[in-house]
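So the structure is just underneath, and the comments pick up after that.
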Amino acid sequence: MAPTTGDGRDHDPDATPAFSVEGLSKRFGSGEDAVRAVDDVSFSVDRGSVVGLLGPNGAGKTTLIKSVLGTVIPDEGTVRVLGRDAADGRRAAYADVDAMLEGARNDYWRLTVRENLRYFATIGGVAPDSVAGRHERLLDRLDLADRADTPVRELSRGMKQKVSLASVLAGGAKLVFLDEPTLGLDVEGSRTLRREIRRLAEEEDLTVVVSSHDMRVIEDVCDRVVVMSEGSIVADDAVERLLGAVDDYRVRVASDDLSPATVADLRDRFAVADADASAEPPTLEVNTDGDAVYDLFDALRAADVTLDRVDTVEPSLEDVFVRLTDAKPDDSSEVEPNGDRPRERRRAGVAGDGGGAQ
Ligand SMILES: Nc1ncnc2c1ncn2[C@@H]1O[C@H](COP(=O)(O)OP(=O)(O)OP(=O)(O)O)[C@@H](O)[C@H]1O
């Protein structure tokens, strides 16, 4: 048990959460038009953990993150960052915190990669020479070392995204928020960045909060997932436990005999989760439990469906998410040609990056 002082603060640095929020609420607007963006939310994040923040559009994720970053002032509740009450002194509370909000930080494209790291260390209040070793390590780990002296504008999108991540870490932040870190990347670029985020978290002893609509990011990178809906936390658990909590038993059958009429008939009688008529052979996924699976096979036999293949399907984080929030996970993944999400793309403020309190 960590020693505590009279004010209840503990002084064992490892036991102090990276951040905690208590009774946090934020409302926008007033009267009938008021929106409770965050509604009495309390939770804390241990140091060294990698936590995913999930939720459909408008769930309150960004407002929550900005409240912790100090760029949104909550109506009620307290925020403690690395043991310090954010209301007591923003500068001290946020010295070790940084964020990459909504896709990418605006790195300076005319500066080289290394110059960007030095610049962001400086505006984070750190003398760049004192963290030169860290910068070399970051460049190395993110496979940017041989491009360190290249202007950012000459890099591929995937590399620019990695420069953004390195810039967030350039000043020695211990707590970082990454919002949609893989947005706009191709499959390979996204996979590389996910691997690097996980590795950096472990090797640099970082606390990372990742917000994304991409379930692969959350599944690959996070130890724990906090799911928000309509301003409240609706689930908060380890990824495996969330997956285990879904006791759906789903079977996927494949057969050339699955005609549209047969599928329509089965839809009336079973919980059909998915049907793909264009697959070869066509497939049908049905949520079943207990005896329902036998009823399904009886019904298929009665409809003269000869099965080519039968599989059971493990529940995915997406299934859990849909169950908890009643929303599709990618309902805001519409991406503009430049890779940005359309809504309020450039509006977000970042601590130390010109974001003003609202
Ligand atoms: N500055 C603002 N003024 C008015 N309403 C706002 C403002 N910021 C957020 N809201 C509203 O608060 C609610 C929560 O928004 P928030 O951006 O926090 O959700 P989110 O979970 O981050 O959504 P998304 O995934 O789409 O980014 C929404 O109804 C949103 O319209």
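A short reminder: the numbers here are calculations on the coordinates, not readings from a lab. These numbers come from a predicted model, not from an experiment. Quick reminder, even Gly has a Cβ in these numbers, built from the backbone with ideal geometry, and neighbours come from all protein chains shown.
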Problem - Amide proton proximity set for Asp236, modelled H, under 5 Å, gap of 5+ - result: Val227
Problem - Extension gain from Asn57 to Val35, taking 0.36 nm per residue of separation minus the Cα-Cα distance - result: 6.6 nm
Exercise for the section: If a/c stays under 1.5 just call it rounded; otherwise compare a/b with b/c (prolate if a/b is bigger, oblate if not). Do that for region 80-227, with a ≥ b ≥ c from the square roots of the Cα gyration tensor eigenvalues. Expected result: oblate
Problem - Burial order of peptide ranges 162-173, 223-234 (average beta-carbon count within 10 Å, highest first) - result: 162-173, 223-234
Handout entry: Sequence-distant residues sharing a close amide H with Leu178 (under 5 Å, placed H)
Key = Met100, Val209, Val210, Ser211
Fill in the blank from the handout: Label model pair Tyr249, Ala292: point-to-point distance (7 angstrom along the Cα→beta-carbon line) in nm is 1.1 nm
Completion exercise
If R0 = 51 Å, then Ile73 and Ala299, at their Cβ-Cβ distance, give a FRET efficiency to the nearest 0.05 of 0.30
Practice task
With a ≥ b ≥ c taken as the square roots of the eigenvalues of the C-alpha gyration tensor of region 162-312, please select rounded if a/c is under 1.5 and otherwise prolate if a/b is larger than b/c or oblate if it is not?
Solution key: prolate
Handout entry: Under Karplus coefficients 6.51, -1.76 and 1.60, residue-wise ³J(HN,Hα) of region 67-72 in Hz, glycine/proline x
Key = 5, 5, 6, x, 8, 10
Practice task
Can you tell me the FRET efficiency between Ala264 and Thr122 if r is taken as the Cβ-Cβ distance and R0 is 45 Å, rounded to the nearest 0.05?
Solution key: 0.10
Exercise for the section: Please report Glu188, Glu196, Glu32, Glu136 as a ranked list, fewest other C-beta atoms within 10 angstrom at the top and most at the bottom. Expected result: Glu32, Glu188, Glu136, Glu196
Handout entry: In Hz, Karplus ³J(HN,Hα) per residue of region 225-235 (6.51, -1.76, 1.60; θ = phi - 60°; x = Gly, Pro)
Key = 10, 10, 10, 10, 8, 6, x, 10, 7, 9, 7
Fill in the blank from the handout: Residue span Asp146 to Arg191: 0.36 nm per residue of separation minus Cα-Cα distance leaves a gain in nm of 14.1 nm
Practice task
Find how much the distance from Arg198 to Glu240 grows on full extension, using 0.36 nm per residue of separation minus their present alpha carbon separation; answer in nm with one decimal.
Solution key: 13.4 nm
